[in-house]
Amino acid sequence: MLALRPRSRFRRDTVLIVDGTLVPTRDHSVAEQSKNYRYSTNHQVVIDADSRLVVSVGRPVPGNRNDCKAWELSGAKNSVGNATVITDGGYRGTGLIIPHRRDPGQAELPAWKEAHNTSHRKVRARVEHTFARMKTWKILSGGDDL
């Protein structure tokens, strides 16, 4: 099956988007209490920005790990190779493309940085839409009858 075959590498112009999502679980051997006070696992999901298809899902890590640490531990980082990867501000210090931030004492961002952040938000919203579709599946929604 195409979905299960590992990808050897991405085209040079491929843009990927990564983000983490918390999935509730009752298995306390792999989960920890997370920010929502439920036992959860953090899953790093990588999608192709053009096709919006999921290209990689990292191994689950305990839900109390922040996205930076989960990116390193889950194996998702190894799956993207040298492709361009954009993400949110939770991945500072990872070398991924994140939004611009104001410097301390700076009133607002320059117009060109604001414009860049606007386009960044629009592209990054695609991974949030992917999460919304994924979480309609009962197994990922944390329903009470699991």
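Every number here is computed from the coordinates shown, using simple stated rules; none is lab data. In this text the structure is predicted, and so the values were computed from the model without any measurement. Cβ placement follows ideal geometry from the backbone for every residue including glycine, while neighbour counts extend to all protein chains displayed.
Here is the list for segment 57-123: GluC sites (Glu not before Pro) lying in DSSP coil, each with at most 12 other C-beta atoms within 10 angstrom of its C-beta, are 108. Considering only alpha-carbon pairs that sit under 8 angstrom and 6 or more positions apart, the relative contact order computed for segment 1-100 is 27 percent.
The phi torsions of segment 46-62, fed into the Karplus equation with coefficients 6.51, -1.76 and 1.60 and a -60° offset, translate into couplings of 10, 10, 7, 5, 7, 7, 6, 8, 6, 9, 6, 10, x, 4, x, 10, x Hz, rounded to whole numbers, with Gly and Pro shown as x. Amide hydrogen proximity for residue 25: with H placed 1.01 Å from N in the peptide plane, the residues at 5 or more positions away or on another chain lying under 5 Å are 39, 40, 41.
On the beta carbon distance between residue 92 and residue 54, with R0 = 22 Å, the FRET formula returns roughly 0.35.
Can you give the helix-only mean residue ellipticity at 222 nm for the chain, where every DSSP H stretch with n ≥ 4 adds -39500 (n - 2.57) and the sum goes over all residues, rounded to the nearest 500 deg cm²/dmol?
-8000 deg cm²/dmol
For the pair residue 137 and residue 32, label points projected 7 Å from Cα toward Cβ lie 2.6 nm apart.
In terms of its alpha-carbon gyration tensor, the chain comes out oblate; a/c meets the 1.5 threshold, while b/c is at least as large as a/b. Under a model in which nothing but the beta-carbon of Lys, Arg (+1) and Asp, Glu (-1) is charged, the chain shows a dipole of about 320 debye around its Cα centre.
Residues whose amide H falls under 5 Å from that of residue 19, counting only those 5 or more places apart or on a different chain, are 45, with hydrogens built in the peptide plane. Note on 57, 127: ascending count of other Cβ atoms within 10 Å places them as 57, 127, the fewest first.
What residues of segment 8-50 lie in the reach of a label at residue 100, counting those whose backbone N is under 17 Å from a point 7 Å from the Cα along Cα→Cβ? Answer for segment 8-50: none.
Sites count as exposed loop sites when they are chymotrypsin sites (Phe, Trp or Tyr not before Pro), lie in a DSSP loop, and have at most 12 other Cβ atoms within 10 angstrom; the longest stretch of the chain without one is 38-136. Distant-in-sequence amide contacts of residue 55, defined by a placed amide H-H separation under 5 Å and a gap of 5 or more residues or a different chain, comprise 46, 47, 48.
Within the straight-line cut-off of under 30 Å between alpha carbons, the lysines reachable from residue 135 are 35, 69, 77, 122, sequence neighbours fewer than 8 places apart in one chain being disregarded. Annotation for segment 22-53: trypsin sites (Lys or Arg not before Pro) lying in DSSP loop with at most 13 further Cβ atoms inside 10 Å of their Cβ are 26, 35, 52.
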